[in-house]
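Scroll down for the structure; my scribbles are underneath it.
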Amino acid sequence: MGNRVAIVGAGMTKFVRRAQETGQELAFYATKMALDSCGMKLDQIDGVVLGSAPDTFDGVHMKGEYLSPGAGAWGKPYMRCYVGGGTGVFAVAHGWYHVASGVFDTCLVVCEEKMSSYQPHAQGAFLTIFDHTTERPLKPNLLWIFALEMNRYMTTYGLRKEDIALVAVKNKNNALDHPAAQLGGKVTLDDILSSEVLAWPVQRLDVSPVSDGAVAVILANETVARRVTDKPVWIEGVGWSLDTAYWTNRDLCYPRYVEEAARMAYKMAGVTDPRHQIHIAEPYDPFDYKELHHMEGLLLCGRGEAPQLTVDGVTQRDGELPVCPSGGLLGVGNPIAAAGLMKVAELFWQLRGEAGKRQVARKVKRGVAQAWGDLMQVGTVVVVGI
Amino acid sequence: MTNKVAVVGIGATQFRSISPDVSYKELMFEAAVKAYEDAGIDPRRDVDTFVTCAEDYHEGTSIFDEYVPDQLGAALKQMHTISGEGLHGIAAAWLQIMTGEFDVAVVEAHSKASNILTPHGVAVCAQDPIFNRPLGLNNLFIAGLEMNLFLQRSGLTSEHCAAVVKKNRANALANPIAGRAAKLSVDDFRTSPMVAFPLSELDIAQPVDGAVVVVLASEAWLRKRHGYNSKPVFLSGVGWCNGSFSLESRTWERQDFVTKAADMAYRHAGIECPAKEIDFAEVDDTYSYKELQHLVELRLVGEGELKGWIESGRTELKGNLPVNSSGGALGMGYLYEATGLARFYWAVQELRGACGKNQLPNPRTALVHAWRGLPTTSAAVAILTV
C-alpha cells in the first residue's frame, strides 16, 4: 500500500446537545487541539480534508466551503468527502490517500456536525434522504427503518431485547469515563427495557442522542511522523463499500457492505484472522443492535454470534476483545461525521496508552474502527496499529 | 510518486436547457455507458474505485451519494462522493491511483439544473448564515461588484467581456454536445438586460442538464491492457486550493487561490513557464469577466497584456493560446458540479484530435481550470498531455 501513513495527533470537542459555538468554531477547537497534541502548527499542514454529513443539518449549502475557515483550510488544497453516516471513518481513508499517494507529507482531517441547528429536530432532515418518488410520500424516518432492520436481526437469530440492550448498558457506562461524553451514565438493563417505545423494538435508550461536536486528527508520512512523535499510530488498512440504493431488496439481517469494506482494509493490513489479530474494536453503534450487526460484518465473530459475546463479557473494557471502550455513539454522543472520527481518535489514544480511565486492560497493538450510513448501504473501515 | 495516471475513457450526454424525458439517473447512466465503451472496460469487473461529485442542495436529496452506485455499476464497490467541482473528483481519483492500491478509477458529475426551481435561493444558502445572508445579497449582485472592480483595475470595458461571450458561444457551434451555442451580434449585447451593473444577462453562463463520466487508469494497467500504441492522454498534474470563505475577509482584487491551485498542478506536471508551455486552455467562464481574470491568475497572461490579447484575438481558435475552444460554460452551458468535467472532456477530445471544425493543430499540453462559482473561493486545475 502506498507510502506509510501515521496518525500523529488528535483532538475533540465535548459532544453536547446544543452547542453555543458555530460549526466553524467547533471545527476550529478540534483542529487546534489536534495540532497542539503533537506540537504542530497550521503552516506544517499541506492539505486539509473535511467530513460532514447532510448539508441540511447546518442549513448551509456548500457546507464544505462554509466550514473551511474553522478547519484551517485557508490557502490550502482542501476537499470535502462524503458518504452520509459513514463519513467520519471514511474521512481518514480520504486523508490516507492524500498522504499515501506521496503528493502530501501531512494532512489534517476534520469532521464536524452541528445537528441542533435543524429545528425542531434533526430527524426532520432525514425525511429528505429517501427516494422522492417511491419512498418519501410514506414519510419514513430513521427510527422506522432501523426498527425494521432490528426486527429482522432479532427474528433471524431468535434474539430477545435483553440480548441486545446489554450493548447500551455497556456503552453508556463506558462513557462515564470519557471527559467529552454527552450521555455517560449508570444505566441498568431494566432502565433500557422500560424506556419509552419509539418504534418497536426500538426504545429510547436503544438509541444514540442528537449531538453537536467536532473531531480532528493529523496524518503524516513516515518521515514527518518520526520527527513529531515517538508514538505514531500507523494506518495499516482502509476500506469502503457502497451498496445499491434499493435497500428494500436486501436481506437486512447482515451488513454485507461492511464485510466488503472490512475485507478491503484487512487485506491491505495483512489481517487474515480478524478475530485474533484485532485487539480492540470501535464499530458504529448509533443503535445498540448496530454494534452487534457490525461486529459480525467486521468478521470479529460469526453471524448471529455477537450477542453472546456481549453476554459473556468478552466485549467489556477488561474483556478479551474490548468493543467501544470509548462509550461509542450511545454514550459519547452522535454528531454524525464527528462520531465516526471520534472512534479513530479513541483507537489512537488507546493504542498509545493515553486513554486515561478508559484505558483497556489488555495490551492492544491493533484496532479497527468502522462507520455506516446512507440508506443502510455504506461501510467504512480503518485498521490502525503500532 | 511511482504512478503515472492516464485518461482512458470519457463519455458525456448532450447538454440541454431542459430534459423532461430523462431522469438524473438516466443522464448518469448514458454518460457512464459511453465512457466505459470508450475505455473498453466493464465497470463490474475492471473498475477499482468510483468518485462522484454532488451537493445535496442541488440534488434536492440529502445524502445524495445513496443514489449513485446503481447507474455507474458501482454497487458493493469502492464508491464515495466529493462535495466539490468535478475536477476535485479528478483530483481524488488521481490521488487514489497514485497510492498504487487502485488501477482504474471512475469520476462522475452531472447537472439536472432544470429541476432546481429556485437556483438563486439555493445559492444564497451558501452564504454565511450569520454575517452575509441577512443582507439579502444574491450571487449576481456579488459578481457585478467584482466585475466592476476588475474592469476598473485592468482598464478593460464591457466590450472586452462581450468579446469573450461572442467567442465562446460561437466556438460552441462546432461542439456537438454544447447546449448554449449562438452567433451573437453587437445588437444582442446592446439589448441584453442589465442584471447587476456592469453584468448583463449575456455575461452569465446559463444552466443546462447533462452528465460527464471520466475513466482514469494507472500506467501499469494501460501498458498491460493497451500497450502504448493508442497514444493515451496523461493527467500529468492536478492542483486545487481554497481561499477565504467570507466575503469580508477575501482579497477582491486577487484570486490567489487560483494561482496556488495552478502552481500545484504546474509543479506536478513539471511546467516552469506556463505561458510558453500550455498549448490551449479551458478556463472557467461562469461570468464573462471571469475568463479574463482567471487567465491572469493562472499566470498565462500579465494583467497589463489582457487588452492587447483580446483585441488581437490571441485567445480565439486561431490565436496563439486558444481559450475555451469548447465554448466554455457560456457556450456549453453551466453544469453545476459537472462544469469542470465538461471542459476536461473537451480537452481530452482536442488532445486526441477528435474536435472536427474546432480541432486545434497538434496540441500537446492542455490546462483545464474550474471554479465552484460564487460565493466560494475554491479552484481546481488539471494539466493534460500527450
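The values are calculated or read from the model by the stated rules, or taken from the named source; none is laboratory data. Values in this document were obtained by computation on a predicted structure and should not be read as measured data. Cβ coordinates were reconstructed from backbone atoms using ideal geometry, including for glycine residues, and neighbour counts include every protein chain displayed. Please note that ligands, DNA and RNA were not included when accessible areas were found on the heavy atoms of the full protein model with its side chains. Shrake-Rupley method; radii C 1.70, N 1.55, O 1.52, S 1.80 Å.
Each residue in the stretch B:265-296 was checked for being in contact with a Gly (Cβ under 8 Å, 6 or more places away or on another chain), open to solvent by 10 Å² or more (accessible area, probe 1.4 Å) and part of a helix (DSSP H, G or I), and 4 of them qualify. On the stretch given as the stretch B:127-143, residues that are in contact (Cβ under 8 Å) with a residue 40 or more places away in the chain and β-branched (V, I, T) total 1. Any residue at all in the stretch A:263-274 that is open to solvent by 30 Å² or more (accessible area, probe 1.4 Å), out of contact with any strand residue (DSSP E or B) (no Cβ under 8 Å at 6 or more places or on another chain), more than 16 Å from A:A93 (Cβ to Cβ) and in contact (Cβ under 8 Å) with a residue 12 or more places away in the chain? Scanning the stretch A:263-274, I find no residue that is open to solvent by 30 Å² or more (accessible area, probe 1.4 Å), out of contact with any strand residue (DSSP E or B) (no Cβ under 8 Å at 6 or more places or on another chain), more than 16 Å from A:A93 (Cβ to Cβ) and in contact (Cβ under 8 Å) with a residue 12 or more places away in the chain, so the answer is no.
Of all the listed residues (A:V89, A:V16), the sole one being open to solvent by less than 10 Å² (accessible area, probe 1.4 Å), more than 8 Å from every other protein chain (Cβ to nearest Cβ) and touching a residue at least 24 places away in the same chain (Cβ under 8 Å) is A:V89.
Inspection of the stretch B:297-312 identifies at least one residue that is within 19 Å of B:L235 (Cα to Cα), at pLDDT 95 or above and open to solvent by less than 10 Å² (accessible area, probe 1.4 Å). The set of residues in the stretch A:61-81 that are farther than 18 Å from B:A54 by Cβ and within 7 Å of chain B (Cβ to nearest Cβ) comprises A:S68, A:P69, A:A73, A:W74, A:G75, A:K76, A:P77.
Could you tell me whether A:I336 is in contact with a strand residue (DSSP E or B) (Cβ under 9 Å, 6 or more places away or on another chain) and open to solvent by 10 Å² or more (accessible area, probe 1.4 Å)?
For A:I336, the condition - in contact with a strand residue (DSSP E or B) (Cβ under 9 Å, 6 or more places away or on another chain) and open to solvent by 10 Å² or more (accessible area, probe 1.4 Å) - is met.
Just to check your reading of the model, which residue among A:K365, A:K357, A:K343 is buried (at least 24 other Cβ atoms within 10 Å of the Cβ) and among the charged types (D, E, K, R)? None of the others qualify; the one that does is A:K343. Checked against (1) at pLDDT below 95; (2) over 30 Å from B:P43 (Cβ atoms); (3) under 23 Å from the mean Cα position of the chain (by Cα); (4) surrounded by 17 or more Cβ atoms within 10 Å (Cβ to Cβ), B:R254 passes all but a single condition, namely (4). Taken over the stretch A:123-164, the criterion of being under 21 Å from B:Y24 (Cβ atoms), aliphatic (A, V, I, L, M) and open to solvent by 20 Å² or more (accessible area, probe 1.4 Å) is satisfied by A:L127 alone. Counting only helices (runs of 4 or more DSSP H) wholly contained in the stretch B:1-112, the ones carrying 3 or more residues that are in contact with a strand residue (DSSP E or B) (Cβ under 6 Å, 6 or more places away or on another chain) occupy B:24-39, B:86-98. The set of residues in the stretch B:59-88 that are in contact (Cβ under 8 Å) with a residue 40 or more places away in the chain and either more than 25 Å from A:F126 (Cα to Cα) or more than 8 Å from every other protein chain (Cβ to nearest Cβ) (or both) comprises B:E59, B:Q71, B:L72, B:G73, B:E85, B:G86, B:L87, B:H88. Filtering the stretch A:344-381 to residues that are more than 14 Å from chain B (Cβ to nearest Cβ), in a strand (DSSP E or B) and aliphatic (A, V, I, L, M) leaves A:V368, A:A369.
Within the group A:G59, A:G47, A:G9, which residue is at pLDDT 95 or above and either out of contact with any Pro (no Cβ under 8 Å at 6 or more places or on another chain) or surrounded by fewer than 24 Cβ atoms within 10 Å (Cβ to Cβ) (or both)?
One residue alone meets the criteria, A:G9.
Check A:E260, A:E236 and return the single one that is within 14 Å of another protein chain (Cβ to nearest Cβ), closer than 26 Å to B:E66 by Cβ and open to solvent by 10 Å² or more (accessible area, probe 1.4 Å). Exactly one residue qualifies, and that residue is A:E260.
Taking the listed residues B:I130, B:I97, the one that is surrounded by 19 or more Cβ atoms within 10 Å (Cβ to Cβ), β-branched (V, I, T), within 10 Å of another protein chain (Cβ to nearest Cβ) and out of contact with any helix residue (DSSP H, G or I) (no Cβ under 8 Å at 6 or more places or on another chain) is B:I97, with no other qualifying.
Residues in the stretch B:101-122 that are open to solvent by 50 Å² or more (accessible area, probe 1.4 Å) and under 21 Å from B:A74 (Cβ atoms) were compared, and the one that is farthest from the other protein chains (Cβ to nearest Cβ) is B:D103.
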